[in-house]
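Undergrad: To start, I am sharing the structure in question, which I have written as structure tokens.
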Amino acid sequence: MQEKQLLLFDLDGTLTDPAEGITRSVQYALRSFGIEVEDLTTLYPFIGPPLQDSFQRFLGFSEEKARLAVTRYREYFAAEGIFENRVYPGIPALLAGLKDRGKELVLATSKPTVFAERILEHFQLSSYFTYISGSFLDGRRSDKREVVLHALEHGHVQERSRAVMVGDREYDVFGAAGAGVDCIGVAYGYGSRAELEEAGATVVSDTVEELRALLIGEAAE
């Protein structure tokens with residue numbers, strides 16, 4: 001993987017651990033429908049997939065009700081949940097090491113671009129990325145294949161064999177495959193090694209250190 005020149009990174013579960021903010025935002029949204037959830041870990045499946053799809057898939061909401069749930073979710077997320085988040089240890093050093101070696105980094109997330117920009121800026125990660133490929137607030141371009149294709153359009157590498165997606169869920173693997181690029185699955189996020197392997201990840205890293213060794217070939221200083 002060290003020969004890859006364009007690296008597409010997922011955000012949630014790959015660069016940062018957003019569990020608290022996302023689950024509290026979902027809890028807030030569900031409360032508006034009279035649904036109380038006390039154990040936030042039961043809402044972990046919401047981390048990764050497009051929100052509207054998750055409300056429909058996991059709770060059986062209609063399309064219209066799911067759209068309303070997303071609106072309620074964002075009331076909390078935009079005000080508080082967005083920064084109830086933390087960068088995984090070792091990620092800044094990894095990104096810096098890749099930039100130092102002349103790699104191009106592009107963020108490829110199903111999260112709305114406006115939120116992704118705020119998160120990267122807040123955690124001082126913006127300078128590592130040449131472009132942010134996210135979704136629109138109205139739900140357009142939330143499918144991961146569309147996100148990856150858009151990211152590739154703005155990367156400066158013509159051959160897709162020179163690009164790779166890095167993500168923690170099967171959606172990242174499927175999106176990368178649909179766009180014709182390899183995918184490194186990271187099992188330290190919210191998708192298990194089994195999920196990533198079954199989805200067809202090219203290789204799976206269990207830790208940030210393993211990811212660094214795969215992409216750079218050396219341990220952090």
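The values are calculated or read from the model by the stated rules, or taken from the named source; none is laboratory data. This is a predicted model, so every value here is computed, not measured. Here Cβ is always computed from backbone atoms with ideal geometry, including for glycine, and neighbour counts include all displayed protein chains. In case anyone asks, the SASA skips ligands and DNA or RNA and just uses the protein heavy atoms, side chains included. Shrake-Rupley method; radii C 1.70, N 1.55, O 1.52, S 1.80 Å.
Undergrad: Any residue that is of a type in the set (Ser, Thr, Tyr) and in contact with an Asp or Glu (Cβ under 9 Å, 6 or more places away or on another chain) - is there at least one of those in region 113-125?
TA: Kept after step one, since they are of a type in the set (Ser, Thr, Tyr), are these residues of region 113-125: 113.
Next, from what is left, pick out any that are in contact with an Asp or Glu (Cβ under 9 Å, 6 or more places away or on another chain): none.
No - not one qualifying residue is present in region 113-125.
Undergrad: Sticking with this structure for a sec: Quick check on my filter: what residues within region 193-218 are open to solvent by 10 Å² or more (accessible area, probe 1.4 Å), among the small types (Gly, Ala, Ser) and farther than 19 Å from Pro49 by Cα? First the steps, then the outcome.
TA: The initial filter retains those residues of region 193-218 that are open to solvent by 10 Å² or more (accessible area, probe 1.4 Å), namely 193-195, 197-204, 206-210, 212-214, 216-218.
Subset that is among the small types (Gly, Ala, Ser): 194, 199-201, 213, 217.
Result: Ala213, Gly217.
Undergrad: Right, here's the next one. Would you mind telling me which numbered condition in (1) of a type outside the set (Lys, Arg); (2) more than 15 Å from Pro112 (Cβ to Cβ); (3) open to solvent by 70 Å² or more (accessible area, probe 1.4 Å) Asp53 fails?
TA: Among (1) of a type outside the set (Lys, Arg); (2) more than 15 Å from Pro112 (Cβ to Cβ); (3) open to solvent by 70 Å² or more (accessible area, probe 1.4 Å), the lone unmet condition for Asp53 is (2).
Matching residues to (1) open to solvent by 30 Å² or more (accessible area, probe 1.4 Å); (2) in contact with a helix residue (DSSP H, G or I) (Cβ under 7 Å, 6 or more places away or on another chain); (3) under 16 Å from Thr109 (Cα atoms); (4) in contact (Cβ under 8 Å) with a residue 60 or more places away in the chain:
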site: Val164; (1), (2), (3), (4): no, no, yes, yes
site: Asp168; (1), (2), (3), (4): no, no, yes, yes
site: Ala177; (1), (2), (3), (4): yes, no, yes, no
site: Val181; (1), (2), (3), (4): no, yes, yes, yes
site: Gly191; (1), (2), (3), (4): no, yes, yes, yes
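Undergrad: Filter region 13-44 down to residues that are open to solvent by less than 60 Å² (accessible area, probe 1.4 Å), assigned to a helix (DSSP H, G or I) and touching a residue at least 60 places away in the same chain (Cβ under 8 Å) and give me whichever is farthest from Glu80 (Cα to Cα).
TA: Going through the qualifying residues, I end up with Ala19.
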